[in-house]
Amino acid sequence: MATANKTAAAKGVEQMEQAVAAGKQTVEKAINTTREQVEKASTATLKGYDEMTSLNKEQVDAFLAAANSLSRGIEDMGKSYAAFAQASMDSYMEASKALLAARSLNDVVDIQTGLARSSMDAAVNETAKVSEVVMKAAGEAMQPLQSSFNSMVSAAMEKASKPVTL
């Protein structure tokens, strides 16, 4: 009986290790996908640069600065997601080990309740972090565009305020 329990526990640990390995592959795929998307966005931005040669340099620079800010924001979101996924996998692994060591149904219920509570708290915290990253990226992206717009308006107002000479 003891040998059967040890074998079952060993199989459980092996399955958990396989699940963690699969989780790590998923996180790596997410990071690679995010990196590819950032590279595509950068490539599209640079391709669009050729089409905007008729715009003045300040406007193009503002657009590129905004695109770079957004790219950094997307990369930060990808890193945040990867860290969250890794922390979740670690938490689930710990809970799985605790479940395998549980001695009663009450222990199992307590472990599951704790896991559910901590998972919900982590999800709420992660949502707040992602919201913060998004707001920061949006603010940073808008800053160069707003500066460029203000400069264009100032230049237009200055031209408009001068008398027309014939």
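Cβ crowding within 10 Å, taken as a proxy for footprinting-reagent exposure, orders Met135, Met89 from fewest neighbours to most as Met135, Met89. Placing pseudo-labels 7 Å out from each Cα toward the beta carbon at Thr7 and Val134 gives an inter-label distance of 5.1 nm.
Modelled this way, with points 7 Å down the Cα-to-C-beta line, the labels at Glu17 and Glu94 are 2.1 nm from one another.
When +1 charges are put on Lys and Arg Cβ atoms and -1 charges on Asp and Glu Cβ atoms, the dipole computed for the range 90-137 relative to its Cα centre reaches about 40 debye. Each of Met16, Met120 has some number of other Cβ atoms within 10 Å of its Cβ, and from fewest to most they run Met120, Met16.
Each residue of the range 68-84 was assigned a 3J(HN,Hα) from its phi angle through the Karplus expression (A = 6.51, B = -1.76, C = 1.60, θ = phi - 60°), giving 5, 4, 5, 4, 5, x, 5, 5, 4, 5, x, 5, 4, 4, 5, 5, 5 Hz with x at Gly and Pro. When Rg and the Kirkwood radius Rh are both evaluated on Cα atoms of the range 6-151, their ratio Rg/Rh stands at 1.21.
A protection proxy built from the mean count of other Cβ atoms within 10 Å ranks the segments 95-105, 66-76, most packed first, as 66-76, 95-105.
With neighbours defined as other Cβ atoms within 10 Å of a residue's Cβ, the residues Ile111, Ile31 order from fewest to most as Ile31, Ile111.
Readers should treat all values here as calculations from the given coordinates under stated rules, not as data from a laboratory. For clarity, every value in this text was computed on a predicted model and none was experimentally measured. Here the Cβ is made from the backbone with ideal geometry for all residues, glycine too, and neighbour counts use every protein chain on show.
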